[in-house]
Amino acid sequence: MLESSIGKMFTGTFHKIQRRYTSFTSRPITNDTELIATQNQINHILDKGKLTQDDRDYLKVLGTLVYDYEDKNESMPTLKGIELLTALLEESNLQPKDLAPICQSESIVLDILNRNRELTASQMKELATFFHISPAALFE
């Protein structure tokens, strides 16, 4: 009985939210055209500025639809070794000099990133700890 009441409340709230955005019906995304339309709807809502709780709830629904589609249809490239290290630096807004304490100097970090020098086992272990990844991900 409680489950039925909660289901009715959610359905009622969802329909109320969806009526607010009558030009866009949310449903599972099945192709890239629908993905772009959903992303455009998300941007439209975000561009409004001050969001209501209904807006935030609807964004969660749309975000989940985008996530589900991308999870099933867009493969993430597997980065390893120096490519991974470069991506981790960018993602963390770090510079090679920030890794100098691990690699002994910025010039050594630059040599590693430019593939003029290989990572040592101890550097891999320390970098893995620093970035919270498996050391195996830094092997090429």
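Some observations on this one:
- For the stretch 58-86, the set of residues classified as without any contact (Cβ under 8 Å) to a residue 40 or more places away in the chain, surrounded by 12 or more Cβ atoms within 10 Å (Cβ to Cβ) and of a type in the set (Gly, Ala, Ser) consists of Gly63 only.
A quick yes/no check of all residues on (1) surrounded by 15 or more Cβ atoms within 10 Å (Cβ to Cβ); (2) among the aliphatic types (A, V, I, L, M):
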| site | (1), (2) |
| --- | --- |
| His44 | no, no |
| Leu51 | no, yes |
| Gln95 | no, no |
| Leu110 | yes, yes |
| Asn114 | no, no |
| Leu119 | yes, yes |
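- Filter pass, Ile45 being of a type in the set (A, V, I, L, M, F, W, C), within 22 Å of Ile133 (Cβ to Cβ) and touching a Leu at 6+ places or on another chain (Cβ under 8 Å): no
- Test: residue in the stretch 90-110 that is part of a helix (DSSP H, G or I), assigned by TED's automatic domain parsing to the domain that holds Ala128, at pLDDT 90 or above and under 17 Å from the mean Cα position of the chain (by Cα): yes
- Residue within the stretch 60-81 that is modelled with pLDDT of 90 or more and more than 30 Å from Thr30 (Cβ to Cβ) present: yes
The values are calculated or read from the model by the stated rules, or taken from the named source; none is laboratory data. Since we're looking at a predicted model, the values are computed, not measured. Cβ: placed from backbone, ideal geometry, glycine included. Neighbour counts: every protein chain shown.
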